[in-house]
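Novice: My structure is below; once you've seen it, I'll send some questions.
The values are calculated or read from the model by the stated rules, or taken from the named source; none is laboratory data. Worth saying up front: this structure is predicted, and the values here are computed from it rather than measured. Every residue, glycine as well, gets a Cβ built from its backbone with ideal geometry; the counts of neighbours run over all protein chains shown. Heads up: the accessible areas ignore ligands, DNA and RNA and are worked out on the full protein's heavy atoms, side chains in. Shrake-Rupley method; radii C 1.70, N 1.55, O 1.52, S 1.80 Å.
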Amino acid sequence: MKPTAELLAAVLAGDHGPRPADLVATSVFWVHHGTRLAGGNTTYLNQYVLVRLGDSFGGCAFEAGEVDPAVCRDASGAALDTLLGEVPRPLRIAALDAYLSSIRPHREAAEAEPVTLPAGTPETRALARDAAIAGLLDIDAGAKVALIGVVNPLVAAIRERGGDPLLCDLNLRTTQWGDPVTDDMHEVLDTADAVVATGMTLGNGSFDTVLARCRERGVPLVVYAQTGSAVARAFLGQGVTALSAEPFPFSQFSAEPTTLYRYRVAAGA
C-alpha cells in the first residue's frame, strides 16, 4: 500500500485520534484565483477546495475540471469519513489535511518554527515566503536542486542559496528568465542532489513517487505546502526532511502579516 493510502487507512481506523465518522465537516468551499506578479510573464491560475473542521482548515489545489463548485453544496455538513472515501482525490486530501490539522494544529506544534511574512504587496510577500522555503535547503554551492512545482520567486531563491534548479511543472514550459521546464518529474528526480516539491503533488497523486525516489536515492526532500501541509508533516523523518507549512488563509489572500511554519528533521534522524 502507498504511504498516503496507509496514512488515510490509519486515520479512518481511529489510530490518530477521533474516528472521522464521528466528526462533521462544517463547511466545504472552492476558491479560484489568478496572480501575475510585477515583472513576471506568467499568470498563475490556482484552484483550491477547502474543508473546515471545527477550528482548523484543510486545503488542496487541483487542476481545472477535477472538482466542481457544486461540492460546496454537496459536501458541507457531511461526516468527515464520507469526505475521506470515494470522492475526488483533492477533496479527500483537503479532508485529511483538515483532520490532521485539527488534532495537532501547526500553531501548537512545539517543533514548528513560526515565520511571519510581512505586510505588503504580493511581490513582497512572495519573496519573503520563497526565501523562507529556500532557507530549509542545506546544500553546497552548485548543488542540483529539483523543483517540482515552479514559481519564479522560488527559482530565484534557490539560486540565491547557491543551488542549480532543475525545473518540473505540469503547466509551465519556461521561467520568466527563459529556463526550460520539463513536465516529466523523473528527469529531475533521477539527477538531483536535493528535491523541493510542492504540496500539490499530494493532490495529483505523485507525492508517493517523489517520496519513494528520494528515499531510494538518499537525497533530502523539502516540501512547501499550502496543499496538505499537515498531511506532508506526517512524513517528516520518513523521507521528508523539511517542510514549509502554510495553513489557510494562504499568504496570497492577505496583505497583512501571516504565519507559515517551518519544520526540520534533526540531523542524523
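Novice: Hey, any hits in segment 163-171 for a residue that's of a type in the set (A, V, I, L, M, F, W, C), in a helix (DSSP H, G or I) and surrounded by 23 or more Cβ atoms within 10 Å (Cβ to Cβ)?
Specialist: No: zero hits.
Novice: Okay, next question. Which residue is modelled with the highest pLDDT, if the candidates are limited to segment 121-136 and must be open to solvent by 40 Å² or more (accessible area, probe 1.4 Å) and touching a strand residue (DSSP E or B) at 6+ places or on another chain (Cβ under 7 Å)? Reasoning before the result, please.
Specialist: Of all residues in segment 121-136, those open to solvent by 40 Å² or more (accessible area, probe 1.4 Å) come to 121-124, 127, 129, 131.
Still in the running and touching a strand residue (DSSP E or B) at 6+ places or on another chain (Cβ under 7 Å): 122, 129.
Details: 122: 91, 129: 94.
The residue in question is 129.
Novice: Give me the residue from segment 173-185 that is in a loop (DSSP other than H, G, I, E, B) and either touching a residue at least 40 places away in the same chain (Cβ under 8 Å) or touching a helix residue (DSSP H, G or I) at 6+ places or on another chain (Cβ under 9 Å) (or both) and, out of that set, least open to solvent (accessible area, probe 1.4 Å). Working first, answer last.
Specialist: First, pick out the residues of segment 173-185 that are in a loop (DSSP other than H, G, I, E, B): 173, 175-179, 181, 183-184.
Checking which are either touching a residue at least 40 places away in the same chain (Cβ under 8 Å) or touching a helix residue (DSSP H, G or I) at 6+ places or on another chain (Cβ under 9 Å) (or both) leaves us with 175-177, 179.
Numbers: 175: 3, 176: 71, 177: 126, 179: 30 Å².
Step by step, filter segment 173-185, then rank; the result is 175.
Novice: Quick check, is residue 75 buried (at least 18 other Cβ atoms within 10 Å of the Cβ) and either in contact with a Cys (Cβ under 9 Å, 6 or more places away or on another chain) or on the phi > 0 side of the Ramachandran plot (or both)? Full working, then the answer.
Specialist: Numbers: buried (at least 18 other Cβ atoms within 10 Å of the Cβ): yes; either in contact with a Cys (Cβ under 9 Å, 6 or more places away or on another chain) or on the phi > 0 side of the Ramachandran plot (or both): no.
Answer is no for this residue.
Novice: Give the residue, chosen from 223, 188, 240, that is more than 24 Å from residue 44 (Cα to Cα), open to solvent by less than 30 Å² (accessible area, probe 1.4 Å), touching a strand residue (DSSP E or B) at 6+ places or on another chain (Cβ under 6 Å) and among the β-branched types (Val, Ile, Thr).
Specialist: 240
Novice: A further question follows. Is there a residue being over 25 Å from residue 45 (Cβ atoms) and either assigned to a helix (DSSP H, G or I) or in contact (Cβ under 8 Å) with a residue 60 or more places away in the chain (or both) anywhere in segment 143-155?
Specialist: Scanning segment 143-155, I find no residue that is over 25 Å from residue 45 (Cβ atoms) and either assigned to a helix (DSSP H, G or I) or in contact (Cβ under 8 Å) with a residue 60 or more places away in the chain (or both), so the answer is no.
Novice: Moving on. Looking at 45, 8, can you tell me which residue is touching a Gly at 6+ places or on another chain (Cβ under 6 Å) and either more than 30 Å from residue 123 (Cβ to Cβ) or loosely packed, with under 14 Cβ neighbours inside 10 Å (or both)? Reasoning before the result, please.
Specialist: Details: 8 fails: touching a Gly at 6+ places or on another chain (Cβ under 6 Å).
45 is the lone residue from the list that is touching a Gly at 6+ places or on another chain (Cβ under 6 Å) and either more than 30 Å from residue 123 (Cβ to Cβ) or loosely packed, with under 14 Cβ neighbours inside 10 Å (or both).
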